[in-house]
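Chemist: Submitted below is the structure of interest, expressed as structure tokens.
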Amino acid sequence: MSSSLAFDFLSPRCQQFHDYWWRLNESSGQAVPYKADFNPAEIKPVLPYVLLHDLATPGKSLLRLVGTAIVDRMGINATGRDYLDFVSQERRDKAYRHLQTTSSLPCGMRVVIEGRYLSGRVNVSETVGYPLEAAGGASRYMIFVDDIVETMEYQDVSDKQLEYYRVRRRDYIDIGAGIPAVKPPE
């Protein structure tokens with residue numbers, strides 16, 4: 001199976017991760033590769049930009065891995081915490097639906113996001129993510145690479161959430177099971 005992605009990535013790191021996931025997918029011989037087959041050494045240059053979401057607990061997205069570049073951007077290490085705690089209250093349900101949709105269909109997702117972080121950074125990032133299957137056969141993980149493609153400004157902020165968040169573009173990526181018929185609203 002090969003990717004039929006019809007757009008170019010803005011970030012070379014996202015492209016590198018995308019290419020790796022498709023190689024992993026092809027070598028696994030199944031629709032979604034196992035999490036245990038994921039080899040971080042094969043994408044060492046992009047590891048600081050990796051986020052691993054564990055979706056096994058309904059209504060939560062536990063961050064099992066947060067790369068150092070993302071920790072620096074956020075201003076805190078969110079490993080072990082619920083990703084939704086960092087999303088504004090009005091966006092939590094939507095953010096969870098997008099993660100759950102990509103994990104359960106399964107499909108990949110690419111998002112271009114404008115956001116402001118605890119560190120004060122206001123930037124545009126590109127994020128690409130794909131599902132990984134848990135040992136029991138359920139696609140319960142989503143692994144992403146999130147890379148800054150444009151730094152807009154720094155602001156002095158005292159809040160502890162990703163307060164400002166605007167999706168500039170969202171694309172679902174067909175990995176063989178199709179894509180959502182209707183995109184959940186942003």
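The values are calculated or read from the model by the stated rules, or taken from the named source; none is laboratory data. The structure displayed is predicted, hence computed values, not measured ones. Cβ coordinates were reconstructed from backbone atoms using ideal geometry, including for glycine residues, and neighbour counts include every protein chain displayed. Ligands, DNA and RNA are excluded from the accessible area calculation, which covers all protein heavy atoms including side chains. Shrake-Rupley method; radii C 1.70, N 1.55, O 1.52, S 1.80 Å.
Chemist: Do you know which residues across segment 114-142 are assigned to a strand (DSSP E or B), among the aromatic types (F, W, Y) and touching a Gly at 6+ places or on another chain (Cβ under 7 Å)?
Modeler: In the first step, residues of segment 114-142 are kept if they are assigned to a strand (DSSP E or B); the result is 114-116, 121-133, 141-142.
Within this subset, residues satisfying the condition of being among the aromatic types (F, W, Y) are 130, 141.
Scanning segment 114-142 gives a single hit, Y130.
Chemist: Being open to solvent by less than 20 Å² (accessible area, probe 1.4 Å) and of a type in the set (V, I, T) is the filter here, so list the residues in segment 68-106 that pass it.
Modeler: I70, V87, T102
Chemist: Could you list, in sequence order, all residues of segment 44-66 that are crowded, with 20+ Cβ neighbours inside 10 Å and part of a loop (DSSP other than H, G, I, E, B)?
Modeler: Those that are crowded, with 20+ Cβ neighbours inside 10 Å and part of a loop (DSSP other than H, G, I, E, B): L55, S61.
Chemist: Another question, then. Go through (1) modelled with pLDDT under 95; (2) of a type in the set (G, A, S); (3) under 19 Å from D19 (Cβ atoms) and name the single condition G67 misses.
Modeler: Looking at each condition in turn, G67 falls short on (1).
A quick yes/no check of all residues on (1) assigned to a loop (DSSP other than H, G, I, E, B); (2) at pLDDT below 90; (3) within 16 Å of L52 (Cα to Cα); (4) out of contact with any strand residue (DSSP E or B) (no Cβ under 7 Å at 6 or more places or on another chain):
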{"position": "D72", "(1), (2), (3), (4)": "no, yes, no, yes"}
{"position": "N77", "(1), (2), (3), (4)": "yes, no, yes, no"}
{"position": "E90", "(1), (2), (3), (4)": "no, yes, no, yes"}
{"position": "D93", "(1), (2), (3), (4)": "no, no, no, yes"}
{"position": "R97", "(1), (2), (3), (4)": "no, no, no, yes"}
{"position": "T102", "(1), (2), (3), (4)": "no, no, yes, no"}
{"position": "M109", "(1), (2), (3), (4)": "no, no, yes, no"}
{"position": "V112", "(1), (2), (3), (4)": "no, no, no, no"}
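Chemist: Can you give me the number of residues within segment 8-40 that are under 18 Å from M142 (Cβ atoms), charged (D, E, K, R) and not in a helix (DSSP H, G or I)?
Modeler: 0
Chemist: Here's another thing I want to ask about it. Got a number for residues in segment 71-84 being without any contact (Cβ under 8 Å) to a residue 12 or more places away in the chain and of a type outside the set (A, V, I, L, M)?
Modeler: Let us first name the residues in segment 71-84 that are without any contact (Cβ under 8 Å) to a residue 12 or more places away in the chain, namely 71, 77.
Checking the rest, the ones that are also of a type outside the set (A, V, I, L, M) come to 77.
Looking only at that region, the number is 1.
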